[in-house]
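What follows is a single structure, written as structure tokens, with notes after it.
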Amino acid sequence: MTHPLEQLRDDALAQIASSPDEHVLEILRVKFLGRSGSVSEWSDKMKSLPKEEKPVVGKLLNEVRMAITAAIEGRAENFRAEKEAAAVANIDLSLPGTPHERGALHPLTQMLDRSIAIFRRMGFALAEGPDIETEWHCFDALNTPADHPARNEQDTFYLADGRLLRTHTSTVQIRTMELAPPPIRVIAPGAAYRRDEIDATHTTQFHQIEGLYVDENVSVADLKGTLEFFLRELFGADTAVRFRPHYFPFTEPSFEIDVKSSALKGGEQWVEVCGCGMVHPAVFEAVNQSRHDKAYDPEKWTGFAFGLGMDRLAMILFDIPDIRLFAQNDLRFLGQFP
Ligand code: DAH
């Protein structure tokens, strides 16, 4: 004969198995296992049973409760799995994904990164100085006389307080030497500003890498070796480098450098890329004056300096026809430098 508890269990399991959804399952859980559900009722009934029946019925009641609990959990798990399967049923995993647009570094930044990496391999450290400068750092300390045309208001942006936007990064030569005694081996990438008429090759803001190397016995040979190595790394091993005598107030002798390479304009033309020279003793003296010492004794130390136009280098290397493109933020242009 089946015990009523066994009957209760069989009914419960049948109803749970045929419950259509979570909602009905919850109602069944309350009906069988809830505080006033059938199983709890049986717990109450236990108290009034004769002593000798208690262990047998108690054991049965426990088994029934466990069986019903397990059945409800199993059924709930079924519902969860069904739901998950339904959620992904309509996803076609073979469809192509939504593409993300890839950004890229600005061509000038790429040029800068490449250049800096080459100089780093030769032991150059990075230096910097402010874009708003004093006349002293931009001109006087660089041996540029008061009547030099570069100092003209037509060429330089002056602020009301007499300071100016640096017209070249050579200011950082002075800043660096004011801060530290020799030896010095630095490059200083940064912006420079001139009151130029804007056209395809001129903008009021452009970018340079300044270089300065001061040590004992530095010669023009070191200058040539360093810049030739840099230019060959940048433009390729077949790059020819030409040093042309030139004039800069802060170097003596001074040169302009031209290169010819199959990577540039079909390798047909000499292209000017850089100004450079041996640091003028008057520059060392000016630095000593602001340092109030003799750290840069021109009898003991010599050095070379150079200034590379980044915009210009990028234009010739990437064959960019108009310098204004760098600042126009036109994705049709920028997208060509992935
Ligand atoms: N400052 C110069 C310019 O802007 C470039 C230059 C020439 C820098 C010779 C140097 C140098 O350090 O030695 O045109």
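The values are calculated or read from the model by the stated rules, or taken from the named source; none is laboratory data. Every value quoted in this text rests on a predicted model; they were computed, and no experiment measured them. Here the Cβ is made from the backbone with ideal geometry for all residues, glycine too, and neighbour counts use every protein chain on show.
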Do you know which of the residues in the stretch 220-273 that are within 16 Å of the ligand (Cβ to nearest atom), of a type in the set (Phe, Trp, Tyr) and in contact (Cβ under 8 Å) with a residue 12 or more places away in the chain is surrounded by the fewest Cβ atoms within 10 Å (Cβ to Cβ)? 243
Test each condition in (1) closer than 30 Å to residue 330 by Cβ; (2) buried (at least 16 other Cβ atoms within 10 Å of the Cβ) for residue 101 and report the one that comes out false. (2)
Going by the conditions given, is residue 2 closer than 30 Å to residue 338 by Cα, at pLDDT below 95 and hydroxyl-bearing (Ser, Thr, Tyr)? no
Taking into account only those residues within the stretch 157-175 that are within 12 Å of the ligand (Cβ to nearest atom) and either among the polar types (S, T, N, Q) or not in a loop (DSSP other than H, G, I, E, B) (or both), which is farthest from residue 117 (Cα to Cα)? 167
Can you confirm whether residue 304 is closer than 18 Å to residue 188 by Cα and of a type in the set (A, V, I, L, M, F, W, C)? yes
Residue selected from the stretch 108-138 under the condition in a loop (DSSP other than H, G, I, E, B) and of a type outside the set (Gly, Ala, Ser), by the criterion surrounded by the most Cβ atoms within 10 Å (Cβ to Cβ): 124
Mind checking which residues of the stretch 274-320 are in contact (Cβ under 8 Å) with a residue 40 or more places away in the chain, within 11 Å of the ligand (Cβ to nearest atom) and small (Gly, Ala, Ser)? 277, 303, 305, 307, 309
Could you run through the stretch 306-338 and say how many residues are small (Gly, Ala, Ser) and closer than 30 Å to residue 214 by Cα? 3
Would you say residue 178 is at pLDDT 95 or above, within 15 Å of the ligand (Cβ to nearest atom) and acidic (Asp, Glu)? no
